[in-house]
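Structure record follows, encoded as structure tokens.
FYI, it's all coordinate maths here, none of it is from the lab. These figures come from a predicted structure and were not determined experimentally. Glycine gets a Cβ as well: all are built from the backbone with ideal geometry, and neighbour counts include every protein chain shown.
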Amino acid sequence: MKRWLTVLALGLLCNAGGHAAGFEARASAPAPALEAQDLKGTPKTLASYRGKVVLLNFWASWCPPCLREMPSMERLRQKMAGRPLEIVAVDSAETAAEVNAYLSKMQLGFPILLDPEGSNTRRWKVFALPTSFLLDAEGKVRYVLTGPTEWDEGEALQLIESMLAELPVQAK
Amino acid sequence: MMLFRILLLSLWACAFGARADLPDYQTFPARGDQLLLWVTSERGRAEPEVQAAENLARQGVEVWSLDLVNAYFLPQLPSSMDRVPQQDLTDWMRTAVASGKQVTVYAVARAAAPVLRAAAELEPALRERLCLLLMYPNLYTVAEPLAEPDYLDLGSLSGLRVKVLQPRRSAATPWLPGLMDHMAQFGASVAYEILENLREGYWARETPTEFEVAESRRMDAMLIRELSSGGCK
């Protein structure tokens, strides 16, 4: 019995350690509006991604931690191909030329949206880059992360999988 | 015996009074009529900042450089700036104004917080003679995603001229209007300038761009321009 309690306690500690990456759970908070254009000038809102789990990432091409986590977001996209997960990266307060200069060096398969005036950055109250939001299929904010992570492994992947598991069977 | 006790008590009282000493700062003397009080960020004084101070002194601008984390043995954290004895800074500014030179205070990042609060403690007539240059000032108390930002209480800044130098490549740039409004609410006369193609702390970056390296070397010219133009002249 004592041995089981020890194992249980250690298990809880590891779990707690896993959350130390900094994901903050939100009680299904309504998401602010997202009104941006992609690099082709097509307007996008959150409604474009309704019914899917969304990883919404605010970044900038001058921000080293943002660029460090980008490859893991691309690996996550490839790993999740065919599943209802949308990765959307909102570039904060830069021009299309600055974003394209970065994309010429890094091939990314997920959509990049532009926020040249920073209006979405302000609406989502983003004060540091990168900041990421995990939204459920109803468009509600479930988790927030300030700072970079490896998106295709560990706690990030676990949280995304748990949110995908909540979807109706036909959507998974 | 009683006399000895009184003597000891007086010595102790004097030692306590001496706590309001001026902070330990580095001087770069010059004969011109401009004096720049340079308060470095919570990361401490970087070599390009020393070189810029030397260059300024060669051009006639005297610099008193204050590294708050070093002067008060504080950890290199933004929160350390909130632990700086404000009275020391107020006395330092008063001493600078008493020199008869035209005084500009240049503070970086979170160091702007104790500098503004110290300026608020000055007599209004002295405060009107000062000009503050704040490089990407951080005045948040709380800045959490999805929540309105909350800023520090600064005290009365009436009559104080403040100019913010904001690197474009900073997460704080979209929030600049709110920051300016906040300082204006306390009575400061505020202005700002965006520094294009630069990041926060561009003079001490691990992987600086070529432009950032070049601008680090031109920091003295940038400050001379600010001292001789607009709000701080």
> What percent does the relative contact order of the stretch A:22-171 come to when contacts are Cα pairs within less than 8 Å and at least six residues apart?
Replying inline: 36
>> Residue by residue through B:140-148, how many Cβ atoms from other chains fall within 10 Å of the Cβ on average?
In response: 5
> Which angle between 0 and 90 degrees, to the nearest 10, do you get for helix A:2-18 versus the longest principal axis of chain A when only C-alpha atoms count?
Replying inline: 10
>> Which residue, A:118, A:156, A:106, has the largest displacement toward the positive end of the dipole of the stretch A:22-171 when charges sit on each Cβ (Lys, Arg +1; Asp, Glu -1)?
In response: A:118
> With a ≥ b ≥ c the root eigenvalues of the C-alpha gyration tensor of the protein assembly as shown, is it rounded (a/c under 1.5), prolate (a/b larger than b/c) or oblate?
Replying inline: prolate
>> If you average the alpha carbon positions of the stretch A:103-172 and of the stretch B:177-233, how far apart do those two centres end up, in angstrom?
In response: 32
>> For a protection proxy built on the mean count of beta-carbon atoms within 10 angstrom, sort B:49-56, A:86-93 highest first, please.
In response: A:86-93, B:49-56
> Using unit Cβ charges (K, R positive; D, E negative) and no other charged atoms, how large, in debye to the nearest 20, is the dipole of the stretch A:22-171 about its Cα centre?
Replying inline: 220
>> Suppose R0 equals 60 Å. What FRET efficiency, 1/(1 + (r/R0)^6) with r the Cβ-Cβ distance, do residue A:28 and residue B:31 give to the nearest 0.05?
In response: 0.35
> Taking K and R as +1 and D and E as -1, what net charge do the other residues with C-beta under 9 Å from the C-beta of residue B:30 add up to?
Replying inline: +1
> Which order results if B:202, B:72 are arranged by neighbouring Cβ count within 10 Å, fewest first?
Replying inline: B:72, B:202
> In degrees, nearest 10, range 0 to 90: what is the angle between the Cα axis of helix A:154-165 and the longest Cα principal axis of chain A?
Replying inline: 90
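Using Cα-Cα distances under 8 Å and only pairs 6 or more residues apart, what relative contact order does the stretch A:99-172 have, in percent?
That works out to 17 percent.
Over the stretch B:30-170, what is the relative contact order in whole percent, taking alpha-carbon pairs under 8 Å and six or more residues apart?
Reported as a whole number, the value is 23 percent.
Give, rounded to the nearest 20 debye, the magnitude of the charge dipole that the protein assembly as shown has about its Cα centre when Lys and Arg contribute +1 at Cβ and Asp and Glu contribute -1 at Cβ.
380
Helix hunt in chain B: which complete DSSP H runs extend at least 15 Å axially by C-alpha with mean Kyte-Doolittle at least -0.5?
Length and hydropathy pass: B:2-17.
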>> Using +1 at the C-beta of Lys and Arg and -1 at the C-beta of Asp and Glu, which of B:195, B:171, B:52 has the Cα lying farthest in the positive direction of the dipole of the stretch B:22-232?
In response: B:52
>> If you take every residue apart from residue A:75 with its C-beta less than 10 Å away from the C-beta of residue A:75, what net charge results, scoring Lys and Arg +1 and Asp and Glu -1?
In response: -2
> the stretch A:26-93: D in µm²/s via Stokes-Einstein (Kirkwood Rh, Cα pairs, 10 °C, 1.306 mPa s)?
Replying inline: 118
>> What does the net charge come to around residue B:160 if you take all other residues with beta carbon closer than 9 Å to its beta carbon, with K and R at +1 and D and E at -1?
In response: +1
> How big is the charge dipole of the stretch B:92-134 about its Cα centre, in debye rounded to the nearest 20, if each Lys and Arg gets +1 on its Cβ and each Asp and Glu gets -1 on its Cβ?
Replying inline: 100
> Among B:194, B:224, which comes first, then next, by fewest other beta-carbon atoms within 10 Å?
Replying inline: B:194, B:224
>> Could you list B:73, B:186, A:110, A:58 so that the one with the fewest beta carbons within 10 Å of its beta carbon is first and the one with the most is last?
In response: B:73, A:110, B:186, A:58
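Helix-only estimate, please: 222 nm mean residue ellipticity of chain A, summing -39500 (n - 2.57) across DSSP H runs of length 4 or more and dividing by its residues, to the nearest 500.
-10500 deg cm²/dmol
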